[in-house]
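See structure below.
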Amino acid sequence: MGHENDFDHLAQLTETVKNEELFGLDAEEVLYRLYHQENVKVYEPKAVTFQCSCSRERSASAIAAIERQEVEEMVAESGSIKLHCDYCGADYEFDAVDISAIFDQNGPASNTVH
Ligand SMILES: [Zn+2]
């Protein structure tokens, strides 16, 4: 029996569950009634948390990818550069001191390249 057949079989079993059973019984009871001929493994519930991969370091490296002159003009205009992450809503702010730290960090290395 292939996996697709297994799935059809499980789907058929699933359709036999009644609303009263779903609402009146706890999850393990429902699973047992439906699939007791099958091997059912109930995993421990795990808390699901959203975690964004953004960080201040990543934002800094994004800034480092821009021309230093351009970045410094932006800072001169508005006092700082703000990066907003659309995924998690985090804000990262870089002022003139942060900006020069970003560029001076890889300054000597990139100077030798030019
Ligand atoms: Zn984020």
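The values are calculated or read from the model by the stated rules, or taken from the named source; none is laboratory data. All values derive from a computational prediction rather than experimental measurement. Backbone-built Cβ (ideal geometry, glycine too); neighbour counts: all protein chains shown.
Suppose we keep only residues that are at pLDDT below 85 and within 16 Å of the ligand (Cβ to nearest atom) within region 27-73. Which one would you say is farthest from the chain's Cα centre (by Cα)? This residue is Thr49.
Would you confirm, using the coordinates I've provided, whether Glu20 is charged (D, E, K, R) and not in a helix (DSSP H, G or I)? Spell out the reasoning first.
Details: charged (D, E, K, R): yes; not in a helix (DSSP H, G or I): no.
Answer is no for this residue.
Selection of region 27-60 for residues being touching a residue at least 24 places away in the same chain (Cβ under 8 Å) and either in contact with a Pro (Cβ under 9 Å, 6 or more places away or on another chain) or among the hydroxyl-bearing types (Ser, Thr, Tyr) (or both) yields Tyr35, Ser59.
Considering Gly24, Gly89, Gly79, which residue is free of Cβ contacts under 8 Å to residues at least 24 places away in the same chain, of a type outside the set (Ser, Thr, Tyr), within 16 Å of the ligand (Cβ to nearest atom) and out of contact with any Gly (no Cβ under 9 Å at 6 or more places or on another chain)?
On the way: Gly24 fails: within 16 Å of the ligand (Cβ to nearest atom); Gly79 fails: within 16 Å of the ligand (Cβ to nearest atom).
After ruling out the rest, the residue left standing is Gly89.
Look at region 1-12 and say how many of its residues are surrounded by 11 or more Cβ atoms within 10 Å (Cβ to Cβ) and without any contact (Cβ under 8 Å) to a residue 24 or more places away in the chain.
Of all residues in region 1-12, those surrounded by 11 or more Cβ atoms within 10 Å (Cβ to Cβ) come to 6, 8-10.
Cutting the leftovers down to without any contact (Cβ under 8 Å) to a residue 24 or more places away in the chain gives us 6, 8-9.
Total satisfying the criteria: 3.
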